Amino acid sequence: TQKNKRADPEIVKELYMQAKQYPGKVIWSGISEGIFLEYPYSDQPIVMVYRGLEDGNGEIEGLLVLELNASSFGSSVLNKQKINKNQINFLVDGNLSVAYCETYISETLSKEALKQYLQGKREFVFTLDGKRYFCCAQYNGLIGWIIFIIIDWEALFPGAESLRSYIAILVFICV
């Protein structure tokens, strides 16, 4: 039950300009509001995917625009990334904004992970508010977004502290 709505001519003009700038390329937007369709939940953000349609001379004469529910899209991208029940997976769009997160993530945690990534780190450990975290990030060239996985260090190696204590006691006994 989707209804057509009139697209804002200024937004459509901007899409045409982008399509002309990148002829033959599929362009992924960041998170935005729908411009062509009204969804049953109009407050739901969307991801727009579009491409210019060229005539025989290579001129853009139309646009092909897909509007995807951001939550469904993010979930489908991240659904095979879960390796630890305590991890946080999230997507950062081309505008460097959190586009989708499976669970709540604090703004300071996501900003710190993004800061480390922008310094060229792809796998790293960092401390924030006295807690250690392991993070890995990967750029997805198809959509131009970054996939982040953050795991609390204690959850990554849950038995490490007890094992360390056991080994210390064993060494002490052996000595």
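Only the coordinates and a few stated rules stand behind these numbers; no lab work does. Note that the structure is a prediction, hence the values are computed from the model and not measured. All Cβ positions, glycine included, derive from the backbone under ideal geometry; neighbour counts span all protein chains shown.
Assorted remarks:
- Three-way shape label, the stretch 91-175, alpha-carbon gyration tensor, a/c 1.5: prolate
- Per-pair calculated FRET efficiency, R0 = 45 Å: Ser32 and Phe172 via Cβ, rounded to 0.05: 0.15
- Each of Leu96 and Tyr16 was given a label point 7 Å from its Cα along the Cα-to-Cβ line. The distance between the two points is 3.2 nm.
- Restraint check, Lys25/Lys131; Lys85/Lys115; Lys25/Lys85, Cα-Cα greater than 32 Å: Lys25/Lys131; Lys25/Lys85
- Options (1) 1.03; (2) 1.08; (3) 1.42 - which one matches Cα Rg over 2.2 N^0.38 Å as calculated here: (3)
- Normalised contact order of the chain, rounded percent, pairs of Cα under 8 Å and 6 or more residues apart: 15 percent
- Within the chain: Cβ-based charge dipole about Cα centre, in debye rounded to nearest 20 (Lys, Arg +1; Asp, Glu -1): 580 debye
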